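Accompanying notes for the structure given below.
The values are calculated or read from the model by the stated rules, or taken from the named source; none is laboratory data. Quantities reported herein were computed from a predicted structural model and do not represent experimental measurements. Here the Cβ is made from the backbone with ideal geometry for all residues, glycine too, and neighbour counts use every protein chain on show.
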Amino acid sequence: MWFLGFVILLIKLAAVLGALVLLAVYLVWIERRLLAKFETRLGPNRAGWHGALQPFADGVKILLKEDLIPEGADRFIFMMAPAVVATSALLLFVVVPFGEGFTLWGRRVPMLFTDLNVGLLYVVAISTVAVYGVVLAGWSSNSLYSLLGGIRGAAQMISYELSLGLSLAPVVMMAGSFSLVDIVDAQAAYPFILVQPVGFLIFLVSTMAEAHRLPFDIPEAENELMGGYHTEYSGMRFGLFFVGEYVNMLVLGSLAAVFFLGGWRGPLLPGVVWFVLKVLIVPFLLIWSRAALPRPRYDQLMAFGWKCLIPVALVNIIATGGLMLLFG
């Protein structure tokens with residue numbers, strides 16, 4: 001039986017990894033098409049139907065580009081930093097339940113890799129690892145622009161990681177568990193977004209900062225830092241940063257679906273379909289914000305995190321505890 005379980009695990013790994021990478025690749029195309037619609041222009045429309053093959057053309061182009069390492073850079077750290085960013089995004093999906101499960105060969109197969117009883121703490125811990133890739137990429141590139149981008153990324157992560165964690169505290173209080181499966185089960189009657197709209201908004205803004213999306217793309221601000229921490233990267237290493245960003249968007253969408261939108265639960269359609277539809281809500285909002293919002297100054301960005309989001313998140317925790325005591 002252990003061999004059957006191992007085979008099922010390998011099948012799930014291949015299926016989920018393939019689906020994540022494919023969705024991330026096509027999320028680039030979706031973003032370019034949506035931005036074109038928002039800005040009243042065409043966007044990519046030559047390769048395939050409405051430009052649907054453009055991601056493959058871009059992938060071939062990135063693979064064929066020369067992989068350069070700047071003179072004076074720390075070669076080992078410079079080469080490993082992109083892998084840290086991409087791997088940390090994929091590791092987040094280990095504890096995410098994406099369906100109800102099914103029976104295969106007389107064996108119950110859960111639609112997740114592992115159900116940790118401290119799954120939420122695992123999510124918060126792994127999400128902080130990605131910043132190491134950003135900081136190491138900036139430091140190892142031997143470039144002041146890259147170094148400034150890496151330092152900005154670390155400062156931004158510290159401020160917005162706090163508000164992200166605090167926004168999830170009321171979810172744990174209502175579910176009574178750190179397990180992501182238990183959190184989804186606790187939303188059988190209604191999704192938590194109905195009773196935690198403030199927590200969801202704080203989580204959404206914090207995920208925008210985690211994903212370095214406009215208006216929170218200060219670590220890679222093109223008009224100031226030419227690209228920030230990945231300025232000196234080319235070829236497939238730049239591709240890892242690029243794919244890692246979009247995989248991270250999908251993972252953050254998965255977490256939003258699990259914590260606030262009821263996970264895979266929904267009427268009529270299969271659970272996996274509901275889960276994918278809910279996951280795509282967050283990337284759409286991130287793309288929309290990129291088309292609609294300007295980039296603030298760095299001091300304004302940090303002040304918003306420390307002076308606005310964190311106090312509101314603390315008040316939300318106190319209010320949730322008070323209402324739970326009052327109404328049981």
- In region 38-70, residue surrounded by the fewest Cβ atoms within 10 Å (Cβ to Cβ) [restricted to those that are of a type in the set (A, V, I, L, M) and part of a loop (DSSP other than H, G, I, E, B)]: 42
- Unique match (being in contact (Cβ under 8 Å) with a residue 24 or more places away in the chain and not small (Gly, Ala, Ser)) among 273, 312: 312
- Query: Within region 100-110, can one find any residue that is at pLDDT below 85 and either surrounded by 23 or more Cβ atoms within 10 Å (Cβ to Cβ) or among the aliphatic types (A, V, I, L, M) (or both)?
  - Reply: yes
- Name the residues in region 185-203 that are assigned to a helix (DSSP H, G or I) and at pLDDT below 90, would you? 185
- Query: Which numbered condition trips up residue 267, out of (1) part of a loop (DSSP other than H, G, I, E, B); (2) surrounded by 20 or more Cβ atoms within 10 Å (Cβ to Cβ); (3) not polar (S, T, N, Q)?
  - Reply: (2)
- Message: Looking at region 282-301, I want the residues that are part of a helix (DSSP H, G or I) and have a partner that is modelled with pLDDT of 80 or more and charged (D, E, K, R) with Cβ atoms under 6 Å, at least 6 apart or on another chain. Which pairs are those?
- Response: 287/31
- Message: Tell me the residue from 93, 113 that is assigned to a loop (DSSP other than H, G, I, E, B), modelled with pLDDT under 85 and not β-branched (Val, Ile, Thr), please.
- Response: 113
- Per the list (1) surrounded by 12 or more Cβ atoms within 10 Å (Cβ to Cβ); (2) modelled with pLDDT of 80 or more, residue check on residue 14 breaks on (1)
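To keep it simple, each residue is scored yes or no on (1) touching a Pro at 6+ places or on another chain (Cβ under 8 Å); (2) touching a residue at least 24 places away in the same chain (Cβ under 8 Å); (3) among the aromatic types (Phe, Trp, Tyr); (4) under 22 Å from residue 213 (Cα atoms).
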residue	(1), (2), (3), (4)
80	no, yes, no, no
92	no, yes, no, yes
140	no, yes, no, no
154	no, no, no, yes
163	no, yes, no, yes
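Scan region 6-33 for residues that are aromatic (Phe, Trp, Tyr) and closer than 22 Å to residue 114 by Cβ and jot them down. So that I can check it myself, show each step before the final result.
Of the residues in region 6-33, the ones aromatic (Phe, Trp, Tyr) are 6, 26, 29.
Across region 6-33, the qualifying residue is only 6.
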